[in-house]
1. Which ³J(HN,Hα) values, rounded to whole Hz and listed in residue order, are derived for the range 191-198 from phi using the Karplus coefficients 6.51, -1.76 and 1.60 in 6.51 cos²θ - 1.76 cosθ + 1.60 with θ = phi - 60°, glycine and proline given as x?
2. Amide H to amide H, which residues 5 or more places from S203 or on other chains are under 5 Å from it, using H placed in the peptide plane?
3. Among A197, A66, A32, which one shows the highest mean-square fluctuation when the chain is modelled as a Gaussian network with alpha-carbon springs under 10 Å?
4. Provide the net charge surrounding Y279, with neighbours chosen by a C-beta distance below 15 Å and charges set as Lys +1, Arg +1, Asp -1, Glu -1.
5. Of the candidates D266, D129, D46, which one comes out as most mobile in a Gaussian network treatment of the chain with C-alpha springs shorter than 10 Å?
6. Figure the gain on full extension for L168 and N139 (residue separation times 0.36 nm, minus the Cα-Cα span) and round it to one decimal in nm.
7. Before anything else, pin down the relative contact order of the range 204-334: Cα pairs under 8 Å, at least 6 apart, normalised by residue count, whole percent.
8. Apply the Karplus curve 6.51 cos²θ - 1.76 cosθ + 1.60, θ = phi - 60°, to the phi angles in the range 288-303 and return the couplings in whole Hz, x for Gly and Pro.
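Values in this text are rule-based calculations from the coordinates and carry no lab data. Because the structure is a prediction, the values reported are computed rather than measured. Virtual Cβ from ideal backbone geometry, glycine too; neighbours counted across all protein chains shown.
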Amino acid sequence: EPTPRSVPVIWKYREMRPLVLRAAELVSPEEAARRVVALINPGNRDTSACVGNLYTGIQIMLPGEAATAHRHASSALRFIMEGEGAYTVVDGEKMTLHARDLVLTPNGTWHDHGNEGTSGPTIWQDGLDIPLVNVLEANYFELYADGRQTPSRPVDASYAEYGGTALLPATERWTKPYSPLLKYPWEPTYEALQRLAQRSAGSPYDGILMEYVNPRTGGPIMATMGASIQLLRPGEHTRAHRHIGNIVYQCAKGRGYSIIGGQRFDWEEKDIFVVPTWYWHEHANLSDTEDAVLFSFNDLPTMKALALYREEAYVDNGGYQPVEARELAGVGAV
Ligand code: GTQ
């Protein structure tokens with residue numbers, strides 16, 4: 001059986017936030033290029049990974065600060081934790097960042113970040129496949145010659161073209177191996193979750209689970225990493241399952257706990273925790289009145305592309321049974 005070196009772990013936001021603010025006192029974005037507090041899995045300290053071959057870190061951008069543009073073979077995503085006024089520019093498209101938005105920086109795209117606000121720091125979670133691409137010895141890194149990008153497309157252009165509706169621009173020819181939609185704002189995401197919760201029982205293992213997809217293909221947002229958002233109804237406690245693939249969670253709303261490999265981890269907003277591959281896990285919403293929402297990203301597209309994906313449901317007598325058909329039908333959709 002898979003025996004991951006990574007262990008389940010939770011990083012509490014109230015403990016991370018002062019460290020991230022301290023980082024902003026110690027180094028400037030000019031010195032650091034990327035000023036990030038990286039979360040390292042205690043089971044695998046010699047790799048800059050939070051779980052499996054996934055990397056995560058907390059990046060902070062103070063008002064008036066900006067970091068230069070670069071690109072690399074690694075893919076990146078960001079889930080915004082707090083603050084107003086920051087932006088990221090991806091291949092000439094400037095996107096405004098707001099709490100709980102998901103923004104993509106697919107592999108090979110130029111990206112730089114800044115904060116034009118006046119009200120305080122913007123803090124976000126970065127998710128990258130750096131350890132995977134490094135272990136495959138396929139990475140490169142290139143600095144942008146002109147420092148920062150001059151936007152060549154209107155602000156939030158991909159969201160105007162691809163987001164918010166089930167309509168796609170008919171004339172567009174998109175051939176790149178990642179989603180043409182780069183920003184998935186929070187409000188419509190939460191509305192979609194609530195709408196689905198009204199008409200669906202959801203998954204016994206995940207509650208109301210929705211995947212952020214490439215609107216062109218219906219497949220995952222990027223070739224190596226996927227992302228999901230899930231809602232647990234008041235009082236909901238899911239059944240346990242395990243699968244191949246590592247998951248990095250951030251609590252977007254509410255409070256609850258997850259039992260991972262028999263250990264309980266209590267979470268509240270902005271806490272980050274990981275489920276290593278093949279660990280049994282279940283989730284519970286601790287509120288009887290409010291829903292709880294978990295954002296997550298994962299390496300499932302990698303596992304599925306390599307035909308390694310498997311899933312098992314925990315059975316009450318301590319045994320297990322394979323989960324068939326419906327989930328496995330996803331294989332090949334990458
Ligand atoms: O924002 O470009 O946390 O390149 C690590 C590597 C962030 C970024 C990280 C990166 C970035």
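1. With the stated coefficients, the range 191-198 comes to 4, 4, 4, 5, 4, 5, 5, 6 Hz.
2. Sorted by chain and number, the residues that satisfy this are I208, L209.
3. It is A32.
4. In short, -1.
5. Highest fluctuation of the listed residues: D46.
6. Details: separation 29, 0.36 × 29 = 10.44 nm, distance 3.23 nm.
Gain on extension, L168 to N139, equals 7.2 nm.
7. On the way: 319 pairs, mean separation 38.5, N = 131.
Averaging sequence separation for qualifying contacts and normalising by length gives 29 percent for the range 204-334.
8. These are the phi-based 3J(HN,Hα) values: 8, 10, 10, 7, 10, 10, 10, 8, 8, 10, 7, 9, 4, x, 5, 4 Hz.
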